[in-house]
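Everything below concerns the one structure shown next.
The values are calculated or read from the model by the stated rules, or taken from the named source; none is laboratory data. Just so it is clear, the model here is predicted, and its values are computed rather than measured. Quick note on the areas: whole protein, heavy atoms, side chains included, nothing else; ligands and nucleic acids left out. Shrake-Rupley method; radii C 1.70, N 1.55, O 1.52, S 1.80 Å.
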Amino acid sequence: MRDDGGSVRARTGIGAERIAAGGDGDGGGGGGGRSVLAGAFTLLAAVERTGGAGLTGLSRESGLPKATAHRLLEQLLGLGAVERDADGYRIGSRMFQLGNAWQPHPGLRAAAAGPARRLAAVTGAAVGVAVLRHDRTLVLDWAPGDAVAFPALRDRSAWPWYTAAGKVLAAAPEYRFPPTVTPASWPREGRAIRERGVAVDRGVLTPGVSCVAAPLYDVSGAPVAALFAATGPARRPERLADVVRRTGTAISAGLGGGRSRRIT
């Protein structure tokens, strides 16, 4: 879920005025280093929101003075965090590399890779692992199936929270960040998800494509991610529920959650 430009200062906790008033030095006293870091992330967020823009647009979007924005962008260019072309600045390849290395639990990618590939091969579904962060479902990895074309996966976009993968995690008692907009039916649906151990969505991301998802647990029994399988209109997602649950149990065992429990 994207924020509008007016919320940038509230999110960073450090005003643009502070950065412009001397906090964008080389990490000097008075918390300057923290101000530089806040300014850099403010600019990166502005680049992400705009999809790439020139200096004037990014200064306006971030709330930073143009001189400060230019200085920080040049530093980010040198680090590969942003790239520049004829249309302005865009997210750089270094951010892609760093993002692909992130995982919410040690060993999650390694534990999920083999079982996810086998599930995709057996079912023909597109199979992936996702997490729920700040009202968004973020896909970490996925294996393409042969039964469904899924452009939302190819684009690797952040999805709404109410995908199957997002809902199966939001239904857990441990989840404490409420969705921005929660439908009145959610408490009842959340209870049903906890009872079944899976969540289903239909056409949320792409018309005709449905998903079923099960939680993945760490050794403490806490859900750390979700395994999902996406299938086309010729197959009902409920028919995948059992195999997705079993595969999720196998992945959880690889994370040390051999006694993984169904969310209650």
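Miscellaneous remarks
- Proximity of backbone amide H atoms, modeled 1.01 Å from N, is registered between Leu216 and Val224, Ala225, Ala226, Leu227 at under 5 Å, excluding neighbours fewer than 5 places apart on the same chain.
- Overall form of region 86-245 per C-alpha gyration tensor (a/c, 1.5; a/b vs b/c): rounded
- Remark on Ala143: its backbone amide H falls under 5 Å from those of Val127, Gly128, a criterion applied only to residues 5 or more positions apart or on other chains, H modelled at 1.01 Å from N.
- Exposure rank, largest accessible area first [Leu77, Leu64; 1.4 Å]: Leu77, Leu64
- Applying 0.36 nm per residue to the separation of Ala67 and Thr206 and subtracting their alpha-carbon distance, the gain on full extension is 45.8 nm.
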